[in-house]
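The values are calculated or read from the model by the stated rules, or taken from the named source; none is laboratory data. None of the values given here were measured: they were computed from a predicted structure. Positions of Cβ are generated from backbone atoms using ideal geometry, with glycine treated the same way; all protein chains shown enter the neighbour counts. With ligands, DNA and RNA removed, areas are computed over all heavy atoms of the protein, side chains included. Shrake-Rupley method; radii C 1.70, N 1.55, O 1.52, S 1.80 Å.
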Amino acid sequence: MSRTLALCHICRLSTAVPIRGESDSALFCPRCGTGLHRRKPYSFQRTVALLIASLVLYLPANFLPITKTSYLGGVQSDTIMSGVIYFAQTGSWHIALIIFVASILVPAVKILVLIYLLLSVHQSSSNRAVDRTRLYRITRSIGRWSMVDVFVVAILVALVQLGPIAGVEAGPGVLYFGGVVVLTMFAAEAFDPRLIWDRKEDV
Amino acid sequence: MSIQVLDHRNVLCPDCDLEQRLPQLVPGEKAFCSRCGHKLSESLRHGLTVPLSLAITAFVLYLIALNTPFLTMRSGNIFHVTSLTSSVVALAEQEMMPVAVLVTLTSLVIPLLQTLFLLSLLLPLQFGYAPRYLDTVYRTYHTLREWSMVDVFFLGVLVALIKLTKMAEVVPGVALWMVLLLMFILAAADRSLERERFWTTVERCRL
Amino acid sequence: MSEDSGSTPDYPAAEVRRKSRFSLVWIVPIIAVFVGVLMAVQAIVTKGPLVTITFSTATGLIAGKTEVRYKDVMVGLIETIHLSDDLSTVIVEARMDSSIKPYLLNTTQFWIETARISAGEISGLGTLFSGAFIAMDPGNGKEARSTFKGRNSPPVVTTGLSGRLFTLEAENLGSITVRTPVYYRQIKVGEVVSYQLRDDGKGVSAQIFINTPYEKFVKTSSRFWNVSGFDLKLDAKGVQINTESLTSIFYGGIAFETPVGFETESVAEAGTLFPLFRNYEKSKEERFYNRDYYFAHFPHSIRGLEPGASVEFLGFKVGEVVDMKLELDVDQVQFLTPVLFYVEPERVNVRGGNMVNGKELMETMVERGLRVQLKSVNLLTGQLYIDLVFDKTAAKKEISYDLSHPLLPTISSDVEALTSSVRTILDGLKKVEFERLGADLETSLSLLNSNLKKTDQLFANLNSQTTPQLGEALQDLRTTMDAVRISLGPESDLNHDARVALSEISEASRSIRLLMNYLSVHPEALLRGKDQSE
């Protein structure tokens, strides 16, 4: 009976599994007990679904304010972008850059890259597979850094509580933004990069 | 049909599914996928004692960090002292529960769990004992790895501090330094856990 | 997807090398544990004492956040807040720094510092931003304590505040309250700390605290008066408004000065008692605390004596008349006019020895002949006052203690002596026999008239009966003239009498003038007569 190798995504053990017959989900890694799959189940659909969801949240994440700063009575609402602009204008361009990259660029790039990857897989494109794989790896690893802004807001809210003088309140935008980060992380994880190579080989 | 475990040295690349032979690695060597460059395996010089000791350190650091002040904001004569858990409380007070949960999980809970998992995985092995829960714990540990964001948290703290220095003076507390150390220790502990050696030890202990 | 054919040879299992040497990496957790334990131990060792404070309310206090501060430095943190069993008080437990432990004494006071306005001062504004905190003041006690009763308001005098406490006594509180400012030359130098009703209910006493360096301006002879509100004077010069400060209008005020006087100025010691006068004018008068009340019964009319009339002794005012009544003693069927008056023994400045007991002194003086007598202030108005005089000839009498106040013996005031000199004048005038004077004059005049008539007749007769008749007439005339000269001449009795009367009148008028001069200097001579020694 023909066998093929299956890799456990948890413990990286390669085991021989039958090609046909039982569906993948019935197989478990002998070492760590994780379900064995040759490909992540429903990877494409799951990625698409998660991407769409994160896109939906993307708009309110950027247009709704993430912080409401009250300073001696005046309240100022800030979105991610307005915060970046504020930093750039007041001379802290390095902070502006960090926030811009982490909170605006990275999520956008992630989404775009995933869309591109999905498209390329859908079209069974075969060029630059290595690059695309690398692209995927980078996308996967930078995803978590978008959380920076969420942490910034959390710390500001916790720290700046000086009564009537100064106070920071979290705006609704941060909720959606957190959702975007989480969903894109899930989307990237759902995507199976082996799909890139699959189509190539199938052809 | 049964599953047959083949030679350790035949592996599949997780990224491009290429099957290739994995040569025996000398401690210090790394093996990469010949097609897509994914790091397949690495042989580390040290054994499991390193991740264990680092995990213990991380645990101690956590205990200290949770019981010491984190950041103190000073405006005139008013001091506002916060701890690592202050963010949670503040966000929860503002009816931002989902965000509070997210922040707590990624910055506190999951990294702490990582530490505890490591301890629970490696301590018994140190004494030659492979308990049943190892598999589950290892699985959970691996799944959660991506979500342990102490480093991102620290960067967030830095950004927030720079944002605040204009407004008021912020005094870093012990917990902040603990977080910085934890950032490195946790990363080191994770990286020093060599997969293969772990499972080899597990299997040996199971015998 | 190719199967790897052929089993791979068994590679020698990886050597299990138990590292004999201790991996250096263990240093890392060891250090971490060491540091952690060190910190924990330090936290436990430096843990300060727990104090319990009861307050009436926990407004502004948050467990785990609210601080305890001394001189605005944090010295403790509230750990728990809960209600007492009977829900009447709030029990606060605070963990204090170990450094503050020696200052937790029986005189330590705690209060909640919040923004408050009192006596024109706003304090604690910072707490609007930082939240309330518990303030403490150690005091100078010697005993250590760990349970305290929190105050509702901050104490006025706190430890380390240097200055001096004094006590003021007044009849009424007026608008004095806690924190009422005390001024010296219109600068605030202190404030009222507390006040209470005197034990005997006859007045109030207030404690004031004068801050350094002003306490040296409070001398033993300083006078304190109330400057609350403002003085409005409307007189011929116009309207005059006097006020010490805006604060004093609303919160009351006390001012003091040290008038130049008999005594050498010496700085008053802490705790010295001062009277508080109602206003500036009153402070210029003497004011004394103790009054000895006495009765006196006068056997004659006391018309002209009114309440408020002075009681004098040796020319000094020593007291005042309080009241008088008309009484009928039924048993003896006798009318009495008891007069109630008081004497302030402190008006007598004692030289050498201690303060005198007024009543004992009075007894001694009565034994020596001191009596109460009514005297006239003013001849015209008839206003009377009481004079305490020594009557050496008086019969021995004692103070009677039958009534509610001691009854002093009196001597009657000699009202006749009042008019004795005047009577002398009148007597002198009486000696002058004005009637006879008048009758003689009339006789003389009618004689003259008849003589003149006779002269007419003479001259008529002269025409007829001449010289012998003229001679007769002249003779008659001469006789008449002699008669007139005798009666009216310089040697005549009439003349003499008249002269005597006139000289007596001038004598009397002179003596009246002398008397008036003398009386103006010694009015009591009217009753007593001239002093024998003069």
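A compact table of results
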quantity: Single unsatisfied condition, A:Gly91 versus (1) open to solvent by less than 60 Å² (accessible area, probe 1.4 Å); (2) facing another protein chain (nearest Cβ under 8 Å); (3) at pLDDT below 80; calculated: (2)
quantity: B:Val174 over 30 Å from B:Leu25 (Cα atoms), surrounded by fewer than 18 Cβ atoms within 10 Å (Cβ to Cβ) and assigned by TED's automatic domain parsing to the domain that holds B:Val50; calculated: yes
quantity: Boolean, C:Ser153 is more than 14 Å from chain B (Cβ to nearest Cβ) and either within 29 Å of the chain's Cα centre (by Cα) or modelled with pLDDT under 70 (or both); calculated: no
quantity: Those residues of segment B:182-207 which are surrounded by fewer than 17 Cβ atoms within 10 Å (Cβ to Cβ), assigned to a helix (DSSP H, G or I) and of a type in the set (A, V, I, L, M), in sequence order; calculated: B:Ala187
quantity: Subset of segment B:71-104 (residues that are surrounded by 17 or more Cβ atoms within 10 Å (Cβ to Cβ) and away from chain C (no Cβ under 14 Å)); calculated: B:Leu71, B:Leu84, B:Ser87, B:Val88, B:Leu91, B:Met96, B:Val99, B:Ala100, B:Leu102, B:Val103, B:Thr104
quantity: All positions within segment B:131-157 that are more than 18 Å from the chain's Cα centre (by Cα) and surrounded by fewer than 18 Cβ atoms within 10 Å (Cβ to Cβ); calculated: B:Pro131, B:Arg132, B:Tyr133
quantity: Verdict on C:Arg510 being at pLDDT below 70, open to solvent by 90 Å² or more (accessible area, probe 1.4 Å) and assigned to a helix (DSSP H, G or I); calculated: no
quantity: A:Ala166 open to solvent by less than 10 Å² (accessible area, probe 1.4 Å), within 23 Å of B:Phe70 (Cα to Cα) and either at pLDDT below 90 or more than 13 Å from chain B (Cβ to nearest Cβ) (or both); calculated: yes
quantity: Matching entry among B:Val81, B:Val89 (being among the aliphatic types (A, V, I, L, M), closer than 19 Å to B:Val170 by Cα and in the same structural domain as B:Ala187 (by TED's automatic domain parsing)); calculated: B:Val81
quantity: Filtered residues of segment C:60-87 (kept if polar (S, T, N, Q) and surrounded by 11 or more Cβ atoms within 10 Å (Cβ to Cβ)); calculated: C:Thr66, C:Thr80
quantity: Failed item in (1) exposed (fewer than 15 other Cβ atoms within 10 Å of the Cβ); (2) at pLDDT 80 or above, with C:Ser222 passing the rest; calculated: (1)
quantity: Hits in segment B:138-188 - residues which are among the small types (Gly, Ala, Ser) and away from chain A (no Cβ under 11 Å); calculated: B:Gly173, B:Ala175, B:Ala187, B:Ala188
quantity: Verdict on B:Leu54 being away from chain C (no Cβ under 13 Å) and among the hydrophobic types (A, V, I, L, M, F, W, C); calculated: no
quantity: Tally, over segment A:137-151, of residues that are open to solvent by less than 10 Å² (accessible area, probe 1.4 Å), within 7 Å of chain B (Cβ to nearest Cβ) and farther than 12 Å from B:Val99 by Cα; calculated: 1
quantity: Number of positions in segment C:321-335 that are open to solvent by 50 Å² or more (accessible area, probe 1.4 Å), touching a strand residue (DSSP E or B) at 6+ places or on another chain (Cβ under 7 Å) and part of a strand (DSSP E or B); calculated: 5
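Conditions (1) modelled with pLDDT under 70; (2) polar (S, T, N, Q); (3) in a strand (DSSP E or B); (4) surrounded by 13 or more Cβ atoms within 10 Å (Cβ to Cβ), marked per residue:
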site	(1), (2), (3), (4)
C:Leu232	yes, no, yes, no
C:Phe250	yes, no, no, yes
C:Gly261	yes, no, no, no
C:Gly271	no, no, no, no
